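Peer 1: Before anything else, here's the structure in question.
The values are calculated or read from the model by the stated rules, or taken from the named source; none is laboratory data. A quick note: this is a predicted structure, and the numbers were derived from the prediction, not measured. Quick reminder, even Gly has a Cβ in these numbers, built from the backbone with ideal geometry, and neighbours come from all protein chains shown. To get the accessible areas, we keep the full protein, side chains included, count just its heavy atoms, and leave off ligands, DNA and RNA. Shrake-Rupley method; radii C 1.70, N 1.55, O 1.52, S 1.80 Å.
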Amino acid sequence: MSSDARSIADRLVGLRLPSVSLATAESHLDLAQHASLYPLVVYFYPGHIGPGDSGEHVLLADGMQHRAFRDHQIALDARGYRALGVSSEPQEAQWTSSVVEGLPHTLLSDPELLIAQALKLPTRTLDGMDCYERLTLIVAGGVIAKAFYPVSSPHRNPEQVIAWMQVQGI
C-alpha cells in the first residue's frame with residue numbers, strides 16, 4: 001500500500017458518516033441516521049454506465065464485489081453488521097444490479113458524489129463520468145472504525161472485512 005493510500009485510510013478512521021439522503025431502489029436512506037441504528041460495512045464502487053472497455057471491466061468487478069458481499073451476508077449478520085453498496089450510478093441501475101445479482105443488501109445511488117465531498121473520498125473519471133474508487137468502511141455508532149483502501153480484489157473484499165472483525169473480536 002502506498003503512503004498516499006495509507007494516509008487516506010488512516011484519515012478516515014474516527015470520522016462520522018455524513019447526514020446525506022441517498023436513493024435506494026425503492027426510496028431514500030439517510031446514511032448517518034442508518035449508521036446510528038446499525039453497525040455498517042459500506043463499500044464504495046465505481047459503477048458505470050457507458051461505452052468503452054474500461055466500463056465493461058468495472059461492471060464485471062462491481063458484480064464480483066456485490067456477489068461476494070451477498071455470499072458473506074451470514075457472517076456479517078452474525079456480527080450484527082449490515083452491508084451497503086454506494087456508487088454514482090443512477091437509482092435505476094442500482095435496482096437492476098440488485099435484482100440481477102439477487103442482493104440481500106441495499107445499494108445506494110450517489111450521482112453527485114455527496115459522500116465523497118463530505119469525507120474527501122477518492123474518486124476518478126471513467127469514460128468522462130466521475131465515480132468512486134473502491135473503498136470499504138466499517139462503521140460503528142456512526143463513526144468509521146476502519147477503512148480499506150485501495151480495494152484491489154473486489155471479490156475478496158468481504159473476506160478482508162471479516163478477517164479484520166475477527167482480529168478485533170467482533
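Peer 1: Rolling a 1.4 Å sphere over the protein heavy atoms, what is the accessible area per residue of the chain, to the nearest Å²?
Peer 2: Per residue, the chain has an accessible area of 47 Å².
Peer 1: Now for a separate question. Give me P(r) over the chain, computed from all C-alpha to C-alpha distances, binned every 5 Å, as integer percentages.
Peer 2: 1, 9, 19, 24, 24, 16, 6, 2, 0
Peer 1: With all protein chains present, calculate the accessible area of SER21 using a 1.4 Å probe and round the result to the nearest 10 Å².
Peer 2: 70
Peer 1: Who wins for biggest fluctuation among VAL100, VAL20, VAL86 in a Gaussian network model of the chain, springs between alpha carbons below 10 Å?
Peer 2: So, out of VAL100, VAL20, VAL86, the one fluctuating most is VAL100.
Peer 1: Using a 1.4 Å probe over the heavy atoms of the protein chains, calculate the carbon and sulfur portion of the accessible area of the chain as a whole percent.
Peer 2: 53
Peer 1: Now for a different question. Taking the Cβ of PRO39 as the center, what net charge do the other residues with Cβ under 13 Å away carry, scoring Lys and Arg +1 and Asp and Glu -1?
Peer 2: Around PRO39, the surrounding residues sum to +2.
Peer 1: Also: Please give the net charge around CYS131, taking every other residue with its beta carbon less than 11 angstrom from that of CYS131, where Lys and Arg add +1 and Asp and Glu add -1.
Peer 2: Net of charged neighbours comes to -4.
Peer 1: Mind ordering 110-117, 130-137 by average Cβ neighbours within 10 Å, highest first?
Peer 2: Packing proxy ranking, top to bottom: 130-137, 110-117.
Peer 1: For the chain, what does the relative contact order come out to in percent, with C-alpha contacts under 8 Å and a separation of six or more?
Peer 2: Worked out over the chain, it gives 33 percent.
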